[in-house]
1. I'd like the projected area of the chain, averaged over all directions, using the convex hull of its alpha carbons. Report it in nm² with one decimal.
2. Taking the Cβ-Cβ separation of Ala42 and Gln419 as r and a Förster radius of 30 Å, what is the calculated FRET efficiency to the nearest 0.05?
3. Which FRET efficiency, nearest 0.05, do Ser399 and Ala58 yield, Cβ-Cβ r, R0 25 Å?
4. About its Cα centre, what dipole magnitude does the chain give when the only charges are +1 on Lys and Arg Cβ and -1 on Asp and Glu Cβ, stated in debye to the nearest 20?
5. I'd like the orientation of helix 104-120 relative to the chain: the angle between its Cα long axis and the longest Cα principal axis, in ° from 0 to 90, rounded to 10.
6. Please sort by residue number the GluC sites (Glu not before Pro) in segment 307-410 whose DSSP state is loop and whose Cβ has at most 12 other Cβ atoms within 10 Å.
7. Read phi for every residue in segment 291-306 and hand back ³J(HN,Hα) as whole Hz from Karplus 6.51 cos²θ - 1.76 cosθ + 1.60, θ = phi - 60°, with x for Gly and Pro.
8. Grab the Cα-Cα distance for Ser103 and Gln169, subtract it from 0.36 nm times how many residues apart they are, and report the gain in nm with one decimal.
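Here, each number is a calculation from the coordinates, and none is a lab measurement. Note that this is a predicted model, so its numbers are computed, not measured. Neighbour counts are summed over all protein chains in view; Cβ atoms, including those assigned to glycine, are modelled from backbone coordinates with ideal geometry.
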Amino acid sequence: MQHCDTLIVPRWCVPVEPAGTVLEGHAVAVSDGRIEAVLPLAEARTRFQPSVLVERPAHVLIPGLVNAHTHAAMTLFRGLADDMPLESWLREGIWPAERRWVSAEMVRDGTQLAIAEMLRGGTTCFSDQYFFPEIVAEAATEMAMRAVVATPVADFPSAWASNADEYLQKATDLVHDPYADHPLITTAFAPHSTFALADGSLEALRVLADQLDVRVQIHLHESETEVAMSIRDTGKRPFDRLTRAGLVNASLLAVHAVHLSDAEIERFAAVGVNIAHCPKSNLKLASGIARIAAYRAAGINVALGTDGAASNNTLDLFSEMRAAALLAKVSAGDAAALPAVDVLHMATLAGARALGLEERIGSIEPGKLADLVCVDLDALNCQPIYDVVSQLAYAASSSQVSDVWVGGRHQLDEGRFTQIDTDNLIARSNEWRDRIGAASAG
Ligand SMILES: [Zn+2]
């Protein structure tokens with residue numbers, strides 16, 4: 001008998017790779033934080049002697065969900081500036097709140113709240129771009145959450161840096177130490193948007209990203225106004241400015257990409273640019289509806305993100321999957337667009353690929369990291385079960401997530417956190433509400 005740390009025995013297992021596979025009567029063995037084997041239960045019982053046996057007879061085991069775009073600390077601004085279009089939401093709502101409130105303490109508290117919310121909903125990896133990224137990385141490490149920590153870069157000053165040079169210097173520091181080859185944290189660069197950076201700053205960022213071999217993510221073509229203002233101010237569309245700066249390549253993650261011309265779609269596909277689709281944020285800010293069916297038909301890798309809780313207003317990838325699938329159908333005028341299997345792929349393996357992590361996470365395969373999620377399908381809203389993947393995409397809610405492992409560590413056990421003190425997180429969030437709320441009212 002071979003020892004393994006954990007043997008998980010769910011009713012179903014949807015490994016995502018191979019696509020469309022639903023296993024029944026299988027077990028997943030985990031050792032040293034990695035998936036050791038996916039095998040029939042009878043074989044697992046004779047081969048493995050587990051330290052911990054986890055039996056989940058009404059559940060489906062899936063890869064941990066990947067949130068390809070968020071601003072975790074903005075959970076503390078949830079509900080603060082609703083019902084505004086993107087430009088006034090930024091200029092009148094969010095940027096003033098950030099100038100007043102963003103600090104290391106705020107980022108720590110907001111990020112911890114966000115990580116707990118994401119884990120509770122089955123997300124095991126998130127890609128974050130926000131000020132004080134070193135605090136985001138610390139919070140993720142302490143809470144044993146996987147994260148891509150993208151350091152913001154802008155020409156405008158913030159509580160974290162005063163100009164593009166300082167942002168880039170701090171970004172470089174974070175890439176080197178202590179996050180080179182870290183088990184949970186990957187670093188990246190996040191120029192906010194083309195309107196936040198002059199051509200010279202974009203080019204300096206590209207030179208540094210090439211030198212350090214880090215990936216780049218940027219808000220791009222989020223609204224028609226963004227594109228129109230770029231043409232007015234620079235004579236070019238944001239995508240053309242990025243192209244000139246040398247930033248359009250396969251390690252670019254374009255966040256939103258709601259408004260792309262047919263030629264831009266072709267260019268994205270030819271070069272291998274990834275897209276982080278954030279349908280609920282795009283709806284709430286009335287930014288538009290991305291033509292996801294066309295993007296995917298062209299061969300673009302499309303991942304799924306929630307964006308920050310100030311424009312969503314949750315970090316729930318189950319509701320995001322549903323929004324993505326439904327919107328893709330109505331915008332394409334085709335009910336067959338983005339079926340359940342594909343939207344689950346988008347929330348897992350496509351997300352991993354968009355972040356450069358597809359060799360490590362995103363599917364349940366031997367050798368990959370054990371980022372795993374059990375969803376309890378023994379709920380009224382999921383009966384009867386003809387098709388497990390259909391239930392996940394169209395009927396299940398994040399509250400049905402029962403178990404979560406990140407790198408083999410059991411973070412959520414039958415709906416209860418094993419290490420996170422949620423009372424403390426809520427108490428600190430209430431303190432922020434008192435401070436921020438009193439200032440807004442005054
Ligand atoms: Zn964003």
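1. It is 20.4 nm².
2. E between Ala42 and Gln419, to the nearest 0.05, is 0.30.
3. 0.95
4. For this selection, approximately 540 debye.
5. 40
6. For GluC sites (Glu not before Pro) across segment 307-410 that sit outside H, G, I, E and B with at most 12 neighbouring Cβ atoms in 10 Å, the list reads Glu359.
7. 7, 4, 4, 5, 4, 5, 4, 6, x, 7, 7, 10, 9, 10, x, 8
8. Gain on stretching Ser103 to Gln169: 21.9 nm.
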